[in-house]
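Report on the following structure.
The values are calculated or read from the model by the stated rules, or taken from the named source; none is laboratory data. Computed from a predicted model, the values in this text were never measured in an experiment. We place every Cβ from the backbone using ideal geometry, glycine too, and count neighbours over all the protein chains shown. Just so you know, the surface numbers come from the protein's heavy atoms only, side chains and all, with ligands and any DNA or RNA stripped out. Shrake-Rupley method; radii C 1.70, N 1.55, O 1.52, S 1.80 Å.
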Amino acid sequence: MAVKYNKRRRKKPVSNHFRINTATVISIAVFLYLVVRSVMSMMQPTVSTYEVTAQRIYDKISTTGIALRSEKLASTNQAGYITYYVADGERVGVNSKIYAIDGSGSITSQLAGEDGNVEFSDDNYIDLKNQIMDYKSSYNDSSFGSIYDFKYALDNNIMEITNDSVIRKVDDLIESGEAGSSLNQIKAGESGVVSYCYDGMEGVSLDSVDSSLFENTDNNMQQIRSNSLYAQNSPVYRLVTDENWNLVVELTKEQYDKIKDKEYLKVKFLKDDLTVTRGVTFIERNGSYFAALSFNKYMERYMDDRYLEVELILNSLEGLKIPNSSLVQQKLYAIPVEYAVQSDEAVSGVSFNKQDVSEKGELKASTISPAICYKDEGYYYVSGMDVNRGDVLIKNATQEEIESGDFTKSETYTISQQKEFEGVYTINKGYAQFVVITNLYQADDFCIAEDSMEFGISQYDHVVLDSSAIEEGQIIY
């Protein structure tokens, strides 16, 4: 019997050689690309950038001014109890009754013997309520001192309400003859606006201004009206007799030199945000410098303030904020505007016909579209990255001239003239491109450049933060 053998297929030994296929090639290529990019990134200089932002600024002097008015402080020539006929801030004429003084105190005692009730009308309650609500709505912690103004105004309001009742009773006593000779009615000697506070500086004028007035700028107005006995020669009211007044501020020598040639200044009153422009005169006295702003309005608005916090606004402008470290000076080539050809394909909207010489020495023309950095009435200004000194441009070349290379009938211009401009390097296109700016305001750390300037920068553009660390045309990314 024959024996059968199973034939088994012998396996080929596995080769130790590395198999190269498509996947391997792609993996190696990606790896090498990443290595090259990493090396290039490490070799490339790091450039910090700044995003241009819109900015509104005030070039201002923040200071405290002293209000000088034509005002007189009236005093009583006898002791006694006073009843006022005029409200605080009310305007009076000559011979208007201001107050009545009870020298013996008999009338005051007679009135004190009554029940003392004071009738408040609905209007009185509404006035008080509105006054309190106005203060609450405008209060903030940064102006805590305004609480004293509020207290003064509220005291005056209440005193005037109660005083109305007393005046009616006093007039009744005078009319009936019960007042006797102890009650004297005092009238105004001249017209003006009445105030019932004073600070003892009523006699200060422009002629007497000096630095000592600004050593203590706290408002020290004292309330005059009282229910107590007035001593002889006590102040009883203050009368402001003229609408014209002055606000005087002290200046440093640097501030004085900065504004001494101005005829008008814009001033902002921080108390109520009133901003007005007024005429100004300058005073130099004993080595000190002062500016006096003249007003013919708002006297009553500030008549109970001696010192006022103000801002002298020298410049108010809007523009684009740029760090000073981004600024760079660069010369640009000038090209007359009449050599420009309107072109929808050019980024700047214009192109130029440039005269070239072929390898055979024949004249020919080409079209160039350099980036326009600036334009004035006579010239376009372009960077040396786009044109060269000695390039010849052709004016109004016809198609026939361009094809024939004969430009003898056309005017030409050889690029050579340069002008220096201030600008920045933008990197919006991935490389450093010089852009001209118009500097409107210069501060220590930044400047404000004109916005909406043709061929200029715009808000949100990115500029190189340190212009000295880069060159024009350098690729950033």
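Annotations
- Reported count of residues in segment 370-386, each being without any contact (Cβ under 8 Å) to a residue 40 or more places away in the chain and surrounded by 20 or more Cβ atoms within 10 Å (Cβ to Cβ), is 1.
- Of the criteria (1) at pLDDT below 95; (2) surrounded by fewer than 18 Cβ atoms within 10 Å (Cβ to Cβ), which one A188 fails: (2)
- Residues that are under 22 Å from D210 (Cα atoms) and not small (G, A, S) within segment 279-296 comprise V280, T281, F282, I283, E284, R285, N286, Y289, F290, L293, F295, listed in sequence order.
- Residue among T281, T277 that alone is outside any loop (DSSP other than H, G, I, E, B) and surrounded by fewer than 13 Cβ atoms within 10 Å (Cβ to Cβ): T277
Rundown of residues vs (1) within 30 Å of S452 (Cβ to Cβ); (2) modelled with pLDDT of 90 or more; (3) among the charged types (D, E, K, R); (4) surrounded by 10 or more Cβ atoms within 10 Å (Cβ to Cβ), yes/no style:
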{"residue": "N16", "(1), (2), (3), (4)": "no, no, no, no"}
{"residue": "S27", "(1), (2), (3), (4)": "no, no, no, yes"}
{"residue": "F31", "(1), (2), (3), (4)": "no, no, no, yes"}
{"residue": "D59", "(1), (2), (3), (4)": "yes, no, yes, yes"}
{"residue": "I82", "(1), (2), (3), (4)": "no, no, no, yes"}
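- Every residue from segment 261-274 that is exposed (fewer than 12 other Cβ atoms within 10 Å of the Cβ) and not in a loop (DSSP other than H, G, I, E, B): Y264
- Counting only residues that are within 25 Å of the chain's Cα centre (by Cα) and assigned to a helix (DSSP H, G or I), segment 205-260 holds 7 of them.
- Each residue in segment 314-365 was checked for being within 42 Å of the chain's Cα centre (by Cα) and in a strand (DSSP E or B), and 23 of them qualify.
- Set side by side, the residues G423, G473 differ, and just one is on the phi < 0 side of the Ramachandran plot, surrounded by 14 or more Cβ atoms within 10 Å (Cβ to Cβ) and not β-branched (V, I, T), which is G423.
- Residue count for segment 456-470 satisfying the condition of being outside any loop (DSSP other than H, G, I, E, B) and either open to solvent by 70 Å² or more (accessible area, probe 1.4 Å) or modelled with pLDDT of 90 or more (or both): 4.
- Options G456, G430; residue that is small (G, A, S) and either within 19 Å of Y381 (Cα to Cα) or touching a residue at least 60 places away in the same chain (Cβ under 8 Å) (or both): G456
- Just one of the listed residues (L229, L247) is open to solvent by less than 30 Å² (accessible area, probe 1.4 Å) and either at pLDDT 95 or above or farther than 22 Å from Y298 by Cβ (or both), and it is L247.
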